[in-house]
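Working notes for the structure below.
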Amino acid sequence: MQLALQWAAKGLYSTSPNPRVGCVIVKDGRVIGAGVTQPAGQDHAEVQALKDAKARGNDVRGATAYVTLEPCNHQGRTPPCSDALVCAGLGRVVAALTDPNPLTAGQGLAKLAAAGIAVTNGILADQAHEMNIGFFSRMQRGRPWVRLKVAASLDGMSALHNGQSQWLTGPEARADGHAWRARTCAILTGIGTVKADNPQLTVRAVATARQPRRIVVDSKLEISPAARILDGGGTWIVSAVGNPEKEALLRAAGAEVIVLPNGAGKVDLAQLMLELGRRQINELHVEAGAKLNGSLIREHCVDELLVYLAPALLGDAQGMFALPALTQLERKYVLKFHEVKQIGADLRILARLKTD
């Protein structure tokens, strides 16, 4: 299963909106086939592994397939993988965990068992869940897993008051940040960042065949049709107001405007998360300013913080999150450190918001 997870990792940047799944077929103690789920509409990991075994001239009858997620049992863009395994004559299938998709949800393993194939489930389940944390979030909560990235000094400052922030962290941390961009389905920022920095928000520091969707929260629809974040088309602009003339200009630039107002005339962030779930966004990567960062946290839209801390002090400067002052310590936002790692000269912290 560890090897199957390594194969699943090969699809880290490419399988969206499908889960990243790896499959290894073993017979007589020897790996005879392996595969990873291909981009949407192409072979899943199990079919890739069966084809690999055949290409090597190996007979899979009676073999054991180790797969990092329960084989699917429904006709989607591709036929059910459970059927392919039954037809191939596998003797045993070992899964890491059950597919959260209600179209499968145990039915794939049940079909295998009904066909006389020995089934084992729950092997390295935690690791497999981490591999597809966004897919599980979308299937179980109807919204993406939201990871908010920020770079700051050791005293928690993300920029000077004049807006200068490049570069707080070193090249290794910046490349690592691009790797996190590459694995996500979409990157979200705010109109303040677009107006101040005019970013592209594309993946450039690591090789990837797929660029994530770009999303801008722009309550008043202020974005310029010439903004670099619109280059290449496909950007979603989320507004609280409609403006037919401006929307036409943005459509001409290849963008789509989504209007989701709340009662205060701002974008309804909680509804936005549900809308992104409906649009098959598994993982959402946020790179925004302190104001939008704070709003997302206050609206309980953030699952995880990805913080890069530079070994430097900025003193009086801009913070990472614009959050209101507390009068009671008990009302603090509680997090749990998930991972702490040094990247180059900087410190990378993954911290998850506690929900209980």
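Normalised by the number of residues in the chain, the mean separation of alpha-carbon contacts (under 8 Å, six or more apart) gives a relative contact order of 16 percent. For the range 1-94, the dipole from Cβ point charges (+1 on Lys and Arg, -1 on Asp and Glu) about the Cα centre works out to 180 debye, to the nearest 20.
Ignoring lysines fewer than eight residues from LYS220 along the same chain, the ones with Cα atoms less than 27 angstrom from its Cα are LYS149, LYS195, LYS246, LYS266, LYS291.
For the chain, modelled as a GNM whose springs connect Cα atoms under 10 angstrom apart, the maximal fluctuation among ALA196, ALA34, ALA159 occurs at ALA196. Expressed as a fraction of 2.2 N^0.38 Å, the C-alpha radius of gyration for the range 55-211 is 1.46. Taking amide H positions as modeled 1.01 Å from N, with prolines and chain starts lacking one, the residues under 5 Å from ALA34 and 5 or more places away or on another chain are ILE25, ASP52, ALA53.
Only lysines eight or more places from LYS54 in sequence, or on another chain, were considered; those with a Cα closer than 19 Å are LYS27.
In this simple spin-label model, placing a label point 7 Å from the Cα along the Cα-to-Cβ direction at both ASN162 and LYS332 gives a separation of 3.5 nm. To put it simply, the accessible area of the range 88-241 at a 1.4 Å probe is 52 percent carbon and sulfur.
Peptides 95-103, 285-293, 45-53, 198-206 ordered by packing proxy, namely the average of other Cβ atoms within 10 Å per residue, highest first: 45-53, 285-293, 95-103, 198-206. In the range 132-181, Cα pairs under 8 Å separated by at least six residues give a relative contact order of 20 percent. Relative to the Cα centre, the charge distribution of the chain, modelled as +1 at Lys and Arg Cβ and -1 at Asp and Glu Cβ, gives a dipole magnitude of about 400 debye. The mean accessible area for residues of the range 219-356, using a 1.4 Å probe and ignoring ligands and nucleic acids, is 53 Å² per residue.
For the chain, the residue among VAL206, VAL194, LEU274 whose Cα projects farthest onto the positive side of the dipole built from Cβ charges is VAL206. Going 7 Å from the Cα of ALA325 in the Cα-to-Cβ direction, what parts of the range 277-303 have a backbone nitrogen less than 11 Å from that spot? Zone members listed by number: none at all.
Kirkwood analysis of the Cα pair distances in the range 272-350 returns a hydrodynamic radius of 14.9 Å. Near PHE321, once Lys and Arg are set to +1 and Asp and Glu to -1 for all other residues with Cβ below 12 Å from its Cβ, the sum equals +2. Projecting label points 7 angstrom from Cα along Cα→Cβ for ASP126 and GLN140 puts them 1.4 nm apart. Taken about its Cα centre, the range 179-220 carries a charge dipole of roughly 140 debye when the Cβ of each Lys and Arg holds +1 and the Cβ of each Asp and Glu holds -1.
With the chain treated as a Gaussian network of Cα nodes joined by springs under 10 Å, which of THR68, THR235, THR208 yields the largest mean-square fluctuation? Residue with maximal mean-square fluctuation among THR68, THR235, THR208: THR208.
Run down the aspartates and glutamates and flag those whose C-alpha is under 18 Å from the C-alpha of LYS336, throwing out any fewer than 8 positions away in its chain. Filter leaves ASP126, GLU130, ASP303, GLU304, ASP356.
Placing a pseudo-label 7 Å from each Cα along the Cα-to-Cβ vector at ALA179 and ALA113 gives an inter-label distance of 3.9 nm.
The values are calculated or read from the model by the stated rules, or taken from the named source; none is laboratory data. Not measured: the values here are computed from a predicted model. FYI the Cβ positions are ideal-geometry reconstructions off the backbone, even for glycines, and counts take in every protein chain you see. In case anyone asks, the SASA skips ligands and DNA or RNA and just uses the protein heavy atoms, side chains included. Shrake-Rupley method; radii C 1.70, N 1.55, O 1.52, S 1.80 Å.
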